[in-house]
1. Please tell me the relative contact order of the range 43-86 in percent, rounded to the nearest whole number, where contacts are Cα pairs under 8 Å and at least six residues apart.
2. Between Ala122 and Asp141, what length comes free when the chain is fully extended (0.36 nm per residue of separation minus the Cα-Cα distance, one decimal in nm)?
3. Using helices alone, what [θ] at 222 nm do you get for the chain, with -39,500 (n - 2.57) per DSSP H run of 4 or more residues, divided over all residues and rounded to the nearest 500?
4. Taking only C-alpha pairs under 8 Å that are 6+ residues apart, what is the relative contact order of the range 153-262 in percent?
5. Can you list the aspartates and glutamates whose alpha carbon is less than 14 Å from that of Lys221, not counting same-chain residues fewer than 8 positions off?
6. So which GluC sites (Glu not before Pro) in the range 77-170 are both in a DSSP loop and have at most 16 other Cβ atoms within 10 Å of their Cβ?
7. Express the carbon and sulfur contribution to the solvent-accessible surface of the chain as a percent, rounded to the nearest whole number, probe 1.4 angstrom.
8. Relative contact order for the chain: what percent, with Cα pairs under 8 Å and sequence separation of 6 or more?
Amino acid sequence: MISRIFLQFTAVLAAIVALISTSPRTIAAASEKPQYYELRTYTTKSEDQQQRVNDYWQNAGAPAYNRMGIQPIGVFTDFKDSATNKIYVLIPCDSMEIFASIPAKLEADAVYQKSAAEFLAAPKTNAAYERIESSLLVAFDGMKQLAVPAADKKPELFELRTYLSPSEGKGLNKVRMFNSGEITTMKEVGLAPVFYGRTLIGAKMPCLTYMLSGENLEAHKQHWQGFNQAPVWKQLQADPQYKDNMTTAISIMLKRTAASQF
């Protein structure tokens, strides 16, 4: 059952909750504490599986999360179509407690259980997907809340970027670098960030992940050129305190699916 993916986090969450507290979300309220994000990735081997995952989120998953007050849910896939496209799901939570409560609430939601029954019980001879990978992230202080693109300016593409660091200290250093001017500069040049998160639980740690959005690929490239030429970015690059704080940058171009709520 999909809800089981959360169970592996339970013991770790208890320890983290003791260290980090959160409060309810109101988008655009700068004084609030950071949100938490689950970033889920479904591996598929066919267009049929991609459609089934998308249908699950559109008709069962996202509505159930919305009934818990968790919204909006972002659902994306690789920008270029292929039989092995992955499905990426972004789930924003206002606190660790809300995140940890999801499995029990899904279990008790009769509407969800009925609408998701076929997907949740898919046999190995007709699997709905290959595997699920999941990461739990906490938002940066420089952008504590999900920034949903304006309804009248829906971007054509989204760029999901992950930066790997050589050590935990260097990873935190890279987060500080973002909070010290990178985030503001990205906004100013039109890169339209959606979220920034430091990975608490997941693969390839220590790492951080963030998402940008763009009107189209060409405009997005121009916005990146603006960022690379920005004085603030050049100053940050030259600052010795931020030297060697990352080893690898992974970029994935995405587009929304019909199940996405932004």
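The values are calculated or read from the model by the stated rules, or taken from the named source; none is laboratory data. These numbers come from a predicted model, not from an experiment. Every residue, glycine among them, receives a Cβ derived from its backbone with ideal geometry; neighbour counts consider all protein chains shown. Surface areas here come from the heavy atoms of the whole protein model, side chains and all, with no ligands, DNA or RNA. Shrake-Rupley method; radii C 1.70, N 1.55, O 1.52, S 1.80 Å.
1. Once divided by the residue count of the range 43-86, the mean separation gives 64 percent.
2. Value of the extension gain: 2.8 nm.
3. Numbers: 9 runs with 87 residues, N = 262.
Counting only the DSSP helices, I get -9500 deg cm²/dmol.
4. Details: 172 pairs, mean separation 49.9, N = 110.
The value is 45 percent.
5. Candidates past the 8-residue exclusion: Glu156, Glu159.
6. Answer by residue number: Glu130, Glu156.
7. C and S fraction of accessible area: 53 percent.
8. Values: 490 pairs, mean separation 67.6, N = 262.
That works out to 26 percent.
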